[in-house]
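Taking it in order: structure first as structure tokens, then the write-up.
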Amino acid sequence: MRNVLIGLSVLLWAVVIWYAWDQAMPRAKYGIVFFGGILELFILTELMDLAGGGRDELLTDLKRAYGPGNRIEAGLLTLSAIDVAITCVYLFTNFHALYVTRQGRAFQHELYMAAVFTLVIIYLTWRSFGGTFLAVILLGIGYGRWGMLAPGPLAHSGIGWERLMRILVISIDGFFGFLTQLVAAWIALFLLYAGFLKAYGAFDLIMRLAFRSARYIDSGIAQTAVLSSAIIGSVNGSQTANAGMTGSFTIPLMKRNGIKAETAGAIEAVASTSGQVLPPVMGAGAFIMANLITGITYADVIVAGLIPAAVLVVTIFMAVHYVSVPQLDDTDPETLIQDPMPQMEFATEVVKYGVPLAILIYKLGIQQVTVMTAALWTAVAMLLTGTLIPLIQAAIGTDGESMEESARRSVWETLDGAREGVVVLAPVAIILGAINGVVDILGATGVPTSLSLTLMQLSGGVLLIAAILAMIICIILGLGMPTTASYTVVALLIAPTLINQFLLPELAGHFFVFYAAILAGLTPPIATCVAVACGISGGNFWKTCVEAIKISAPLFILPFAFVYHPEIVSTAFNTQVFTSGAFALLGAIAMIHGINYTFGFERAIAIPVRITFTVTGVLAMVHPSRTVQLIALAIAIALFVVQSAVGKPKPIALLRSLFGFGSTGRTRPKAGDADSE
């Protein structure tokens, strides 16, 4: 079954690459082919799980998958596969009639077909993401049908079942709408790239780079999680999936070197979240933002995201250093890598993975081609470097493999990369398709307008109150969802209020809800990203949530900086932009220092000091008055100077070690060491 999955995955990727190259059919029609194919592959992976991995003889795998204890699940999955095939073939062959000539009308048999397909999507969504997101889908459909029962301004006349089925399936909107088409045309190729990265061994190189940093930075072990999770998370589009993927090796590594389970889980959860906002991919959210905002390009979104991403990376880097150094054991960095890599091989690996990334940046940033074209070039470049460089090494005899052995290994790595890309892509496609259906229903009910009016009424027209309420709503709506899905929902429901009612620039409004939506993965009581990290670390969920919030505190404040200083997320680079960005960065650093630094003062002194650093940091980040920002920053700097002079303990020594100018792992300040240097 595993080999069958690999073969069908290659077939799907061939279709995806062909469309990116040729674009010979309407995107909506291609979306049907893609969505049907990815659903079938997801069902096959689920059957493989029932078969225990699908690595035995095909007949043996099938007997196990349909054996005692699995028959109901296997039967439902099989019926789902049949229905997906029938529905997608029907929609594809009748595309012109359904999409053009008969818009708004449907035959009775089509309504039945759509109803069964809707049940299949609900079932597959539940298998992908569990009960939390299932509730979101059911509530969305239920609200569309029985909206007359909703309270106050959220009430509407209700949508009949026939119209619901047209919206969800028959009009080739809903489950097959713009989000599914976006996944098919743009995101899929980036996830193929991510699959190749994993198959060709990029994780090993990232870990080695992180281990090397441990020679120069006391917190290098913990920074391993930040580096690896941020890089991988920026590509795969789901902070929760990323926490499971990279956390499986970063969390045990941190625990083995003395970091508590709760701290290790928190570091991984925050690092996985930070990857979602890092250019040039931004967890695939940048693609959706570029589609939703009229008149801007994907490159504009990336440029606008540079300063806030820099603020986030620097502050998380510092926070992780502060919380990890007092816990880390004295570890010799040379022992971290069990099998040292020769310098020549290391340089070759850097070239292998660096060339595709350089092509991606060049295509997007300099040539400014379409995202689909850039993704195609990047995936193909990764395929070529991942297969040709090992062959060249074998030809010149540097790795001890024969040409035949190297070719065989490269082929299997490529095939496994194709399979891995599908495994990551399928849940993303399913949840975005389901979200698209709910969003189209909500759009038909007029709820965005109602929500906008309600938000205005509750805030009394006060921007700060509206922003706080908007953030709370974004966090609630983002619970249990991957980044792309949560951002889409809040971008369509919340961002228009901030833009139209409070006259926020479009980029600022969308970046506000984008950053706010990813907070759901860190915010209890759901905190899916933290929950996954806890499952690996074995730490207490609530304590891990507290640690994660402490490390990521500026992330909760940074969106408000977009509201009061929207130039931070503009496409221009001028004095005002850099000044606002500098205030945001220095304020965030003050917050991190106040919340996470291990002060050696008595409790009666330490608590006011923490509060002062935190409050002045918040004011320096978001206050609309430059004068207030300057005063707040001056107070924070003065307090830092006083603390350095008093030496409880001296923060200069810790900052020196942070940037590699101090110790190399042998002398670390421990919690409570008031005189530690």
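Observations
- Selection status of GLY54, in a loop (DSSP other than H, G, I, E, B), within 23 Å of VAL120 (Cα to Cα) and either open to solvent by 70 Å² or more (accessible area, probe 1.4 Å) or modelled with pLDDT under 85 (or both): no
- Index of the failed condition, PRO68 passing every other in (1) over 20 Å from LEU425 (Cβ atoms); (2) open to solvent by 80 Å² or more (accessible area, probe 1.4 Å); (3) not in a loop (DSSP other than H, G, I, E, B): (3)
- Criterion (open to solvent by 30 Å² or more (accessible area, probe 1.4 Å) and within 25 Å of the chain's Cα centre (by Cα)) met by exactly one of THR571, THR575: THR571
- Looking across the range 429-447, the residues that are open to solvent by 10 Å² or more (accessible area, probe 1.4 Å) and in contact with a Leu (Cβ under 8 Å, 6 or more places away or on another chain) come down to VAL439, ASP440, LEU442, GLY443, VAL447.
- Breaking point among (1) surrounded by fewer than 23 Cβ atoms within 10 Å (Cβ to Cβ); (2) at pLDDT 85 or above; (3) hydroxyl-bearing (Ser, Thr, Tyr), for TYR515: (1)
- Flag if GLY36 is of a type outside the set (S, T, N, Q) and either in a helix (DSSP H, G or I) or in contact with a Gly (Cβ under 6 Å, 6 or more places away or on another chain) (or both): yes
- The one condition from (1) open to solvent by 70 Å² or more (accessible area, probe 1.4 Å); (2) free of Cβ contacts under 8 Å to residues at least 60 places away in the same chain that LEU77 does not meet is (1).
- When residues of the range 163-185 are limited to those that are among the polar types (S, T, N, Q) and assigned to a helix (DSSP H, G or I), the one most open to solvent (accessible area, probe 1.4 Å): GLN181
- The listed residue being of a type in the set (A, V, I, L, M, F, W, C) and out of contact with any helix residue (DSSP H, G or I) (no Cβ under 8 Å at 6 or more places or on another chain), out of ALA572, ALA584, ALA531, ALA553: ALA572
- Taken over the range 199-210, residues that are modelled with pLDDT of 80 or more and either touching a Ser or Thr at 6+ places or on another chain (Cβ under 6 Å) or part of a loop (DSSP other than H, G, I, E, B) (or both) amount to 2.
- Scanning the range 290-327 for residues that are open to solvent by 30 Å² or more (accessible area, probe 1.4 Å) and of a type in the set (A, V, I, L, M, F, W, C) gives LEU292, ILE296, VAL303, LEU306, ALA310, VAL313, VAL314, PHE317.
- Pick from the range 349-381, criterion modelled with pLDDT under 85 and of a type in the set (S, T, N, Q), ranking: most open to solvent (accessible area, probe 1.4 Å): GLN368
- Only one entry in PHE190, PHE117, PHE133, PHE196 is at pLDDT 90 or above and either in a helix (DSSP H, G or I) or surrounded by fewer than 21 Cβ atoms within 10 Å (Cβ to Cβ) (or both), namely PHE117.
- Residue in the range 453-469 that is open to solvent by less than 10 Å² (accessible area, probe 1.4 Å) and closer than 20 Å to ALA230 by Cα present: no
- Residue match in the range 149-156 (condition: among the hydrophobic types (A, V, I, L, M, F, W, C) and buried (at least 22 other Cβ atoms within 10 Å of the Cβ)): no
- A single entry from SER450, SER406 fulfils the requirement of being open to solvent by less than 40 Å² (accessible area, probe 1.4 Å), over 21 Å from the mean Cα position of the chain (by Cα) and either among the aliphatic types (A, V, I, L, M) or within 20 Å of PRO153 (Cα to Cα) (or both): SER450.
- If you go through the range 590-620 and keep only what is surrounded by fewer than 23 Cβ atoms within 10 Å (Cβ to Cβ), under 15 Å from ILE316 (Cβ atoms) and among the aliphatic types (A, V, I, L, M), you end up with just ILE595.
- Every test in (1) more than 36 Å from the chain's Cα centre (by Cα); (2) modelled with pLDDT under 85 is passed by LEU639 save one, and that test is (2).
- Residue check: ILE631 meets all listed conditions (1) open to solvent by 40 Å² or more (accessible area, probe 1.4 Å); (2) at pLDDT 95 or above; (3) closer than 16 Å to ILE589 by Cβ but one, namely (3).
- Boolean, THR544 is of a type in the set (Val, Ile, Thr), open to solvent by less than 10 Å² (accessible area, probe 1.4 Å), within 20 Å of SER324 (Cβ to Cβ) and in contact (Cβ under 8 Å) with a residue 24 or more places away in the chain: yes
- Residue match in the range 488-506 (condition: more than 20 Å from MET456 (Cβ to Cβ) and either open to solvent by less than 10 Å² (accessible area, probe 1.4 Å) or among the β-branched types (Val, Ile, Thr) (or both)): yes
For (1) at pLDDT 80 or above; (2) within 14 Å of the chain's Cα centre (by Cα); (3) of a type outside the set (A, V, I, L, M, F, W, C), each residue gets a yes or a no:
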residue	(1), (2), (3)
ILE231	no, yes, no
PHE249	no, no, no
ILE259	yes, no, no
ALA266	yes, no, no
SER274	yes, yes, yes
GLY283	no, yes, yes
LEU292	yes, no, no
THR297	yes, no, yes
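- Only one of the numbered conditions (1) among the small types (Gly, Ala, Ser); (2) surrounded by 16 or more Cβ atoms within 10 Å (Cβ to Cβ); (3) under 25 Å from ALA374 (Cβ atoms); (4) without any contact (Cβ under 8 Å) to a residue 60 or more places away in the chain is violated by ALA28, and that is (4).
The values are calculated or read from the model by the stated rules, or taken from the named source; none is laboratory data. Quick caveat: nothing in here was measured; it's all calculated off a predicted structure. Here the Cβ is made from the backbone with ideal geometry for all residues, glycine too, and neighbour counts use every protein chain on show. For accessibility, only protein heavy atoms count, side chains too; no ligands or nucleic acids. Shrake-Rupley method; radii C 1.70, N 1.55, O 1.52, S 1.80 Å.
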